[in-house]
Structures are given as structure tokens and as C-alpha cells.
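What follows is a single structure, written as C-alpha cells, with notes after it.
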Amino acid sequence: MSNNPLSSTIEHVEELELEVRRSVAELNKIPYSKVRHNLAIAGGNYEKGLLAIKSILRELVERGRAVVALPASRSRNLTLHEVLRKHWSITVKRCYSTAESFRASFDLESQGGIPWELYYLLIDIFDQFGFSEPFVFREADQFMNETSKETIVEVLDPLVKPLQEPIPSTVESKSASKTTVPDVIPANTISYIAGEARNPLLWPVLVHEGFHVLDKRLGLFDQMEKSLVHPHRLPNLDKAKGADINRRWSREIFQDIAAAHYFGPLYSFSLLKYFERLPYLQTIEHPEMSVRLYSVNKYLEEQHGATISNSDILTRALGFCRPILREEISKYVTAGELTDDTTRELDMFYQGVTSWIRSQEIILFEARLNQYLVESDRAREMVLTTTIDKVPYVDPAFKFEEVVDMVCNFGVYPAFHPTLLLNIVLSVSDQYTPQGFQERYVDCMKKWCVKEAWNQAISSPRKS
Ligand SMILES: [Zn+2]
């Protein structure tokens, strides 16, 4: 037997490292360079984590040997194996399970079932906020978001700690450890429910998680809070719960209101469907679903009456969502779940968040729709005035039913921005979310990705 009792464990961690490296090498099967780039960074971070685990284990063995070498009176003649078990069995076990979880996480990120095109839905928002940190999607059992600090650094911290303590039975005080928690590249993970990966009705929820990431890394909620002027303030939804919990709840509602403005009317419908499928519980992070739905319904009520000339897309999407949400809200009111006090607090907060998000230099749904109409208007003109190889990739302005017809009946996939597309096709989802239709939506997004790349290529000066 080897004189290193942890040699097999270390070997196993090495295998895991190799497997992560192999998965990174296989990323070239993904057709999008940005997605490959993000995943390669995530994989690189896990490799660093595994490397750290390996050196923690090696150092534990060294420390064990130091204990064995102590004069017999202090080491009680234990073998290396016994010393490791006595002092560090928990750390060794945690090293092992952490290494396993790093590898498994990367599999769930690089081989998950979510369409790669959905990355671009979030990249679009992140770009607009000037946020360039990489993020990856991970298959999981819930929607959530984490930073690399949370998934790697904070997991390794407690494993490194024992190395900074004096060697048992000695008073050596200063740390002799060579192992530290690695510097990982700041990155983010957005988890989605595995079974819902190909359910377009829940894709808008990813936008909510995207705003969480922006909030964590750029402090959006704090910026918004600072912008509030009397009488606007954070809502007090349950006085008995205290300021901290009410603040956390406000943060959650903030992500919903921001997502509704960015995504458009169908965000509210998605949220409702999500709550229907997933047994929703109030927690210290998540307020009652009634207050979340009330807040996104505010957006629908506010948009109602907004007319965008030459397009019926907003009107049709609102026409679909409003009655459904209105009925849901009235149930809460009748049941006494939404009191006048609560709705007053939420109305006040909605206004504050809305004016903050409108002050940001990002394209919200209404502006996105207008932008599409303006671009489309220019299409014919451009064909006449520019040389053919420079004609941008522009479609004429389609009406709501025309898009439905193309995508759902004729299998023609226009290059629509994902928010515009989903606001149309999900508005007829009663008829059109049968199995297989998500592939059509993904095909539209694919085309949109090509269009974006094309537009960028022709608008930036040519390098020669
Ligand atoms: Zn949330």
C-alpha cells in the first residue's frame, strides 16, 4: 500500500480535472462563440477549484506526516492514516464531494437542455447595462442565480481553513499553508428547471434571473432605492416582519417590475403560469405571489391605452394578458389577500421603480417595438439607395397575425428579437405551445442572432 493514504482520492480528483478539461475541449460543438467563451471560463474556474482541492489534500498529508514525526509523547504513536482520520476526516470528505460537485455542475452547464440561443436574450440585457462578466445557464430543479464567489470561492473557504490552523499538538501559530482559495474569474450562473428547459412559456422567467445577476454585480436595487424621492420609498408589505424582510421582498418585486418593462406584457403571464406549475411558498426572500402578480399587472394596466402606430403587437399582447391577470388579481382581493393598504404600498413602489428603469439607457419593450418599426420602414428605402451587399438584414413590419401565420402555420421564421417574438407567439399559446413548437421559436431566434451579427459587421468599419 502507498505511504500516502490519500493518493487514491487525489488521483480521483485528477480524473475529474481531466474530465472537465475534456468537456471544455468539446465546447467547439456549440455554434456560438460567445456561449463557448462563457462556458470555457466557467470550466476554467472549476479546473482551478479542482487544482486547489488537490493541493489541500496534499497539504493535509504533509501535515499528517508532521504530526507523526512529533516526539512520541505528543503524537501518541498514531499512524499517518490514523492521524488523517482523527484530525481531517471531515475536510477530506468535503474535498471529495466538492470536487464531484464541480465536475457535475460543469456537465449541467455545458450539456444542459436549454437552447443556446437563449443566452442571447440575456446577453442583450447585460450589454445594455455595460455588464460584460460571463454567465452560463445550468440545468437544475429551480430558477436561481449564483456568482462564482458563491459557487467556488465560498465553497473552498472552509476547506482551506484547517490548513491555516496550527498543526495539531503544536503551537505553531502562523500559517505555513501554501494553499489558498484560487482567484477565479468573476462569472455568474443562472439555473433553470431541467424539465422546463424547452417550455417557451417559462423562458421569460430567465429575464427575472438576469436582473438578479445585474443587481448582485452592479447594485441595481440600491441605485433605484437612492433614486426614490418622497413620497416614494420601499413598500412595507408586512409590518410584523420587520424592515429587513420587507426590503428583501421589495428587491424581488423590483426584479419583476424591471423584467416586465424589459420583456413586455407576456412576462406577467409567464410569471402566473410559473406560479401555477410550481408550488409557490412565501419565504424571507420571496413575498406572497399575490403581491408579485399585482406588481406586474400594474405594468399591463399602465400600458393599456398606450398605442403604437402601425403595429398591433402591443395591443394584442395586452389583450391576451390583461383579462387573465385581472381575474387572478380579483381573486386575491376577494379573498382579502390584497388589502387596500398593500396595494397602495405597491402602487407607490411601482411608480418609483418605473421611473428609475425608464431613466436607464436601456431599450424597454415599447421602445424595442418602435425600433423594429422604424428599421422595417427603412427596409425598402435601403434596397433602392445602397449597394446590394450592404443592404442590412431587415424585414418589413409584420402585423401580429402575419407573424403567427408565418411561424405557426407556414414554418417561415422571421428574425424577431426574442422579446417581440415571444410576446406574439405566447399570446396565442393556448393554440400554439404544442410539442415541437419551441423549435420554431428557437429557429426565429437563430435567425435573429445571425441578423445581429450581420448588422454589427456592416456597422463597424471594415478591417483590411
Ligand atoms: Zn427572484
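Just to confirm my filter: which helices (runs of 4 or more DSSP H) fall fully inside the stretch 126-239 and include at least 1 residues that are without any contact (Cβ under 8 Å) to a residue 24 or more places away in the chain?
Correct list: 154-164, 220-227.
Checking residue 125 against (1) in contact with a Gly (Cβ under 6 Å, 6 or more places away or on another chain); (2) more than 16 Å from the ligand (Cβ to nearest atom), which single condition isn't satisfied?
(2)
Inside the stretch 138-149, can you point out the residues that are within 15 Å of the ligand (Cβ to nearest atom) and under 18 Å from residue 103 (Cβ atoms)? Steps first, answer last, please.
First, the residues of the stretch 138-149 that are within 15 Å of the ligand (Cβ to nearest atom): 140, 142-147.
140, 146 - these are the residues of the stretch 138-149 that are within 15 Å of the ligand (Cβ to nearest atom) and under 18 Å from residue 103 (Cβ atoms).
Every residue, every condition in (1) at pLDDT below 90; (2) among the basic types (Lys, Arg), yes or no:
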residue: 360; (1), (2): no, no
residue: 373; (1), (2): no, no
residue: 379; (1), (2): yes, no
residue: 404; (1), (2): no, no
residue: 418; (1), (2): no, no
residue: 440; (1), (2): no, yes
residue: 458; (1), (2): yes, no
residue: 461; (1), (2): yes, no
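Condition check: at pLDDT below 85 and farther than 21 Å from residue 34 by Cα. Does residue 414 satisfy that? Talk me through it step by step, then tell me what you get.
Details: at pLDDT below 85: no; farther than 21 Å from residue 34 by Cα: yes.
So residue 414 fails the test.
In the stretch 188-204, which residues are farther than 30 Å from residue 53 by Cα, within 14 Å of the ligand (Cβ to nearest atom) and surrounded by fewer than 23 Cβ atoms within 10 Å (Cβ to Cβ)? Step through it out loud before you land on a result.
Applying the first criterion (farther than 30 Å from residue 53 by Cα) to the stretch 188-204 yields 195-204.
Narrowing the set further to residues that are within 14 Å of the ligand (Cβ to nearest atom) leaves 202, 204.
Of everything in the stretch 188-204, just one residue is farther than 30 Å from residue 53 by Cα, within 14 Å of the ligand (Cβ to nearest atom) and surrounded by fewer than 23 Cβ atoms within 10 Å (Cβ to Cβ), namely 202.
For the condition surrounded by fewer than 22 Cβ atoms within 10 Å (Cβ to Cβ), over 18 Å from residue 121 (Cα atoms), outside the structural domain of residue 264 (by TED's automatic domain parsing) and away from the ligand (no atom under 16 Å from the Cβ), what is the one hit in 185, 152?
Answer to the selection: 185.
Quick check, is residue 220 within 16 Å of the ligand (Cβ to nearest atom) and surrounded by 21 or more Cβ atoms within 10 Å (Cβ to Cβ)? Break it down into steps so the answer makes sense when it comes.
Details: within 16 Å of the ligand (Cβ to nearest atom): yes; surrounded by 21 or more Cβ atoms within 10 Å (Cβ to Cβ): yes.
Considered against the rule, which asks whether it is within 16 Å of the ligand (Cβ to nearest atom) and surrounded by 21 or more Cβ atoms within 10 Å (Cβ to Cβ), residue 220 comes out as yes.
Condition check ((1) within 21 Å of the chain's Cα centre (by Cα); (2) closer than 17 Å to residue 341 by Cβ; (3) modelled with pLDDT of 90 or more; (4) within 16 Å of the ligand (Cβ to nearest atom)) across all residues:
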{"position": "258", "(1), (2), (3), (4)": "yes, no, yes, yes"}
{"position": "266", "(1), (2), (3), (4)": "yes, no, yes, no"}
{"position": "284", "(1), (2), (3), (4)": "yes, no, yes, yes"}
{"position": "287", "(1), (2), (3), (4)": "yes, yes, yes, yes"}
{"position": "298", "(1), (2), (3), (4)": "no, yes, yes, no"}
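In the stretch 1-40, which residue that is within 28 Å of the chain's Cα centre (by Cα) and of a type in the set (S, T, N, Q) is nearest to residue 137 (Cα to Cα)? Steps first, answer last, please.
If we filter the stretch 1-40 for residues that are within 28 Å of the chain's Cα centre (by Cα), which is where we start, we get 16-40.
Okay, now just the ones that are also of a type in the set (S, T, N, Q), so 23, 28, 33, 38.
Values: 23: 15, 28: 17, 33: 15, 38: 10 Å.
Once the filter is applied, the top-ranked residue is 38.
Does residue 116 count as aromatic (Phe, Trp, Tyr), more than 19 Å from residue 194 (Cβ to Cβ) and modelled with pLDDT of 95 or more? Don't jump to the end; show me each part of the working.
Details: aromatic (Phe, Trp, Tyr): yes; more than 19 Å from residue 194 (Cβ to Cβ): no; modelled with pLDDT of 95 or more: yes.
So residue 116 does not fit the description; no.
Can you go through 89, 101, 105, 55 and tell me which one is of a type outside the set (Val, Ile, Thr) and touching a strand residue (DSSP E or B) at 6+ places or on another chain (Cβ under 8 Å)? It would help to see each step written out before you state the result.
Values: 89 fails: touching a strand residue (DSSP E or B) at 6+ places or on another chain (Cβ under 8 Å); 101 fails: touching a strand residue (DSSP E or B) at 6+ places or on another chain (Cβ under 8 Å); 55 fails: touching a strand residue (DSSP E or B) at 6+ places or on another chain (Cβ under 8 Å).
After ruling out the rest, the residue left standing is 105.
Can you list the helices (runs of 4 or more DSSP H) lying wholly within the stretch 1-102 that have 3 or more residues being modelled with pLDDT of 95 or more, buried (at least 16 other Cβ atoms within 10 Å of the Cβ) and assigned by TED's automatic domain parsing to the domain that holds residue 152? Before you say what the answer is, go through the steps one by one.
Working: elements: 7-25, 33-68, 72-75.
Those helices (runs of 4 or more DSSP H) span 7-25, 33-68.
Does any residue of the stretch 270-277 turn out to be modelled with pLDDT of 95 or more and either in contact with a Phe, Trp or Tyr (Cβ under 7 Å, 6 or more places away or on another chain) or more than 16 Å from the ligand (Cβ to nearest atom) (or both)?
no
Is it the case that residue 352 is surrounded by fewer than 17 Cβ atoms within 10 Å (Cβ to Cβ) and not polar (S, T, N, Q)? First the steps, then the outcome.
On the way: surrounded by fewer than 17 Cβ atoms within 10 Å (Cβ to Cβ): no; not polar (S, T, N, Q): yes.
The answer is no for residue 352.
For residue 291, are the conditions met, namely being farther than 30 Å from residue 133 by Cα, within 16 Å of the ligand (Cβ to nearest atom) and either surrounded by 23 or more Cβ atoms within 10 Å (Cβ to Cβ) or modelled with pLDDT of 95 or more (or both)? So that I can check it myself, show each step before the final result.
On the way: farther than 30 Å from residue 133 by Cα: yes; within 16 Å of the ligand (Cβ to nearest atom): yes; either surrounded by 23 or more Cβ atoms within 10 Å (Cβ to Cβ) or modelled with pLDDT of 95 or more (or both): yes.
Criteria met by residue 291.
The values are calculated or read from the model by the stated rules, or taken from the named source; none is laboratory data. Values in this document were obtained by computation on a predicted structure and should not be read as measured data. Cβ coordinates were reconstructed from backbone atoms using ideal geometry, including for glycine residues, and neighbour counts include every protein chain displayed.
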